[in-house]
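No value in this document is a laboratory result; all are computed from the given coordinates. This one's a predicted model, so the numbers in the text were calculated from it and none came from an experiment. Glycine gets a Cβ as well: all are built from the backbone with ideal geometry, and neighbour counts include every protein chain shown.
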Amino acid sequence: MRRGLIATAIAVLAFAVAGTAALAKTSGPAAPAQLAACTNVSLGVMAPLTGPAAFLGQEQLSWTRFAVTQYNRRSGTRFKVALGDSQLSASLARTVGRRFVANDDVMAVIGGSTSQSVISSAGLFERAGLASISGSATRIDLTNGQFSTFFRVIPHDAIQSPNIVNYVARNLRARQVVVLDSQDDYSVPLSQAVARGLRARNVEVDRESVAADETDFSSIVANVGDDVDVVVFATQTASAAQTLSNQLREQGKDAVVFGTDGAYSPTQYKPRLGYVSSFANDLRFLRSARATVRAYNRFSRNKAFGTFGPPSYMAAWVAMGAIQRACANDGEATRSEVTRQVRRTNTPSILGGRVRFTRRGDVRGAKFYIFRINNGNYRLVG
Amino acid sequence: MDWDKLVQLLVNGVTLGSVYALVALGFSMVYGILKLLNLAHGDILMVGAFIGWGVLGWLGGAQDPSVAVWILIVLMVLAAMAGCGVLGVAIERFAYRPLRRAPRIAPLISALGVSFFIQNSVLLLFGADFRSYDTFDLVDVEVGIEFGPLRVWVVRLVVIGAALAMMVALWLLVTRTKLGKAMRATAIDREAAAMMGIDVDKVIVKTFFIGSALAGAAGVLVGLVFGQINHFMGFGYGLKGFTAAVVGGIGSIPGAMFGGLFIGLAEALSVGYIEDFTRGRLGSAFSDLVVFLILVLFMLLRPQGIFGKPDVKKV
């Protein structure tokens, strides 16, 4: 009986974890490109609103809502936000994607937030003619032509990995490096590219890997030799980078942690000495964005933010501009018309420069930024 | 053989194992008495971690605590134990007691629901950001014991010591007190215990209180040693604690202690050596594979666990 009960418990747990995956495997028919009245239009926000990466999704949601509020005030429009919680699960992202496709009010999607959520949902959006604009998915092959209605307002990892390699090899003059990934569609290819690049520069590289939800790195740190100069950590959670940094110190290791874009968070990743690469500049460092930062602080009642929110603001701004242009003639628009208008976007960005897309959906002229962190204070260094 | 690395991994494994053992004890106690797997147990740990964090902030924070550090840590642990004990009792009263006579799948589903409820309540109350104990500001990283190049931070020693002390206290409570005798009697045969004059409902409530209090203490210890807490952390610790309870022999208190240490050590050593043993074919990423492989092997070869007794059915 005990055996049966435990087996039942394992089955229930397995159901909880994988139930949505099973649902997601049956793909429904593609939705037709419908004609929507432009008076009742929503932006679908696909982000990890709960679960281990909720800090990221909540920041993106908050900035998207800020963008919608500002846009509606300036343009007299009545855009709304429809929520879809993808957590860090590809199968949940697919379920959310199907829901957005079936919702006639959704004319564009902001997200997915992570590369794996884009991989699992962008095909659905493409079949429905629905534009999706990500403010944080950086995997290179998302814009290799496989998803024609996918766009991103941030650069991809083909720019990030050489940046990190250059900085670690040239500026930090590292001879021994550990490259650590967190076993997901974002961090594995990025780590591989960084490791390849460093080896090409004659840097000795050791590869390690941890689960995405790991909270204890002490055993990984035991594997880090005393001669290691830098640990490059491709992660989507800033707190993980902080814990890794703490545990290196705890075990008396001198290696500094170099976090990738997911680690950017002045409130959560604040090592004594560390580095982080980010797909966007921190708005607080931009003189031109001071008014925006003040307005956001009023809007959010001084909610903390890093570099995840502002690109989502821009993604939402691009989407609303495209919908408004598509609606301009007769007050009605199809999703395909909106997608065409997104492709033609040419608008100033709060992050500096303008947002214009390449044929494949990448933003033109985007670059990665490298920050040095001293006792929790961030400074742009590259 | 790199002995420093081995000793470091053993220290890491025992630290992690102490936490798993505290969680496994809660699973085992509740299972022993109610034959119920309290799947919300990991989330009670998470609530304990947040209570500890709240007390830390209330007493000035890690940078400027208003009381001595050891008093602060004791207060954090006691507050978390009290808060989580009460939470455990409330869960038993409202989510499990009404289902005591229902088919066994019903309380399991209810437990899963309670788990999601607690997780999302904390998300709503505290937001999604990770919270930091900033333990490095509280206790300097240099304070600890050094064996040659190896350094063991004092907080790890505190965590291991506190967990062992609580386990011994629980063992004494179960084996040497009237309440412990009542708990054992209820675990053996609830109806017979009631006929002998034991107030079974009270015993169940006290069992939930103690099991949940241990989880609350484990939450604070996790926060102290690993630094970061969030609303989702309970899931992983719950799963590993459950594995430890099964491996040790669910329902057995020494089994839970042993299972916790066993799983903690297996996890730490597999991270450290899996690459060497598989000649680079498997990396540290597969440490969970080792842990859950152990679970599967026990389910197949010794389902009663190391310290459990096999079910005997009279025919």
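Test of the criteria: in segment B:183-289, which trypsin sites (Lys or Arg not before Pro) are in a DSSP loop and have at most 13 other Cβ atoms within 10 angstrom of their Cβ?
Loop-located and lightly packed - B:ARG279, B:ARG281.
When the convex hull of the Cα atoms of the protein assembly as shown is projected onto a plane and the area is averaged over all directions, what value comes out in nm²?
It is 32.3 nm².
Note down the nm distance, to one decimal, between modelled labels 7 Å out along Cα→Cβ at B:VAL67 and at B:ILE306.
Going from the B:VAL67 label point to the B:ILE306 one covers 3.6 nm.
In debye, nearest 20, what is the charge dipole magnitude of the protein assembly as shown about its Cα centre with +1 on Lys and Arg Cβ and -1 on Asp and Glu Cβ, if you could check?
Values: 69 positive and 47 negative charges, 352 e Å.
That gives a dipole near 1700 debye.
Compute the long axis of helix A:2-25 from its Cα atoms, compare it with the longest principal axis of the Cα atoms of chain A, and write down the angle in degrees, 0 to 90, nearest 10.
Between the helix axis and the principal axis of chain A, the angle is about 50 degrees.
How high is the relative contact order of chain A, in percent, with contacts defined as C-alpha pairs under 8 Å that are six or more residues apart?
19
Dipole of segment A:158-278 (Lys/Arg Cβ +1, Asp/Glu Cβ -1, origin at the Cα centre): which of A:TYR275, A:TYR264, A:LEU172 lies farthest to the positive side?
The one lying farthest along the dipole's positive direction is A:LEU172.
With the dipole of chain B worked out from charges on the C-beta (+1 for Lys and Arg, -1 for Asp and Glu) around the Cα centre, which of B:GLY280, B:ALA24, B:LEU75 lies farthest toward the positive end?
With unit charges placed on the Cβ atoms, the residue in question is B:ALA24.
Given the options B:GLY248, B:ALA192, B:ALA90, identify the residue whose Cα lies farthest towards the positive end of the charge dipole of chain B (+1 on Cβ of Lys, Arg; -1 on Cβ of Asp, Glu).
Working it through, the farthest residue towards the positive pole turns out to be B:ALA192.
Within chain B, which whole H helices from DSSP have a Cα span along their axis of at least 30 Å and a mean Kyte-Doolittle hydropathy of 1.6 or more, if any?
Membrane-span-like by this criterion, though nothing is claimed about a membrane: B:69-91, B:105-126, B:154-176, B:200-226.
Quick one: which of A:LYS303/A:LYS367; B:LYS178/B:LYS240; A:LYS270/A:LYS367 span more than 28 angstrom between C-alpha atoms? Working shown, then result.
Working: A:LYS303/A:LYS367 26 Å; B:LYS178/B:LYS240 31 Å; A:LYS270/A:LYS367 23 Å.
Beyond 28 Å: B:LYS178/B:LYS240.
Only four residue types carry charge here, +1 at the Cβ of Lys and Arg and -1 at the Cβ of Asp and Glu. Report the dipole size of chain B about the Cα centre in Debye, rounded to the nearest 20.
On the way: 24 positive and 20 negative charges, 348 e Å.
In debye, rounded to 20, chain B gives about 1680.
Order by neighbour count: A:TRP63, B:TRP70, B:TRP171, fewest other Cβ atoms within 10 Å first, most last. It would help to have the intermediate numbers written out before the result.
Working: A:TRP63 28, B:TRP70 10, B:TRP171 15.
Going from least to most buried by this count: B:TRP70, B:TRP171, A:TRP63.
Shape verdict for segment B:8-86, please, from the Cα gyration tensor: rounded (a/c under 1.5), prolate (a/b greater than b/c) or oblate.
Taking the square roots of the gyration eigenvalues as a ≥ b ≥ c, segment B:8-86 is oblate.
Roughly what angle does helix A:238-250 make with the longest principal axis of chain A, taking Cα atoms, 0 to 90 degrees, to the nearest 10?
Orientation of helix A:238-250: about 10 degrees from the principal axis.
Under 10 Å, Cα contacts only: if you run a Gaussian network model on chain A, which one of A:ALA131, A:ALA90, A:ALA174 comes out with the highest mean-square fluctuation?
Among A:ALA131, A:ALA90, A:ALA174, the largest GNM mean-square fluctuation belongs to A:ALA174.
If amide H atoms are built 1.01 Å from N in the plane of the peptide, which residues on other chains or at least 5 residues away come under 5 Å of the amide H of A:LYS80?
A:VAL41, A:SER42, A:LEU43
List the cysteines of the protein assembly as shown that have no other Cys Cβ closer than 4.7 Å: which are they?
Isolated Cys, the protein assembly as shown: B:CYS84.
Tell me the mean residue ellipticity at 222 nm calculated for chain A from its helices only (DSSP H runs of n ≥ 4, each -39500 (n - 2.57), averaged over every residue, nearest 500).
Rounded to the nearest 500, the figure is -13000 deg cm²/dmol.
Determine the dipole magnitude for chain A: charges of +1 sit on the beta-carbon of Lys and Arg, -1 on that of Asp and Glu, nothing else is charged, the reference point is the Cα centre, and the result goes in debye to the nearest 20.
1360
Amide H neighbours of A:GLY259 under 5 Å, counting only residues 5+ apart in sequence or on other chains, H built in-plane at 1.01 Å?
A:PHE233, A:TYR275, A:VAL276, A:SER277
Sort A:MET46, A:MET320 so the one with the fewest other Cβ atoms within 10 Å of its own Cβ comes first.
Fewest to most other Cβ atoms nearby, the residues stand as A:MET320, A:MET46.
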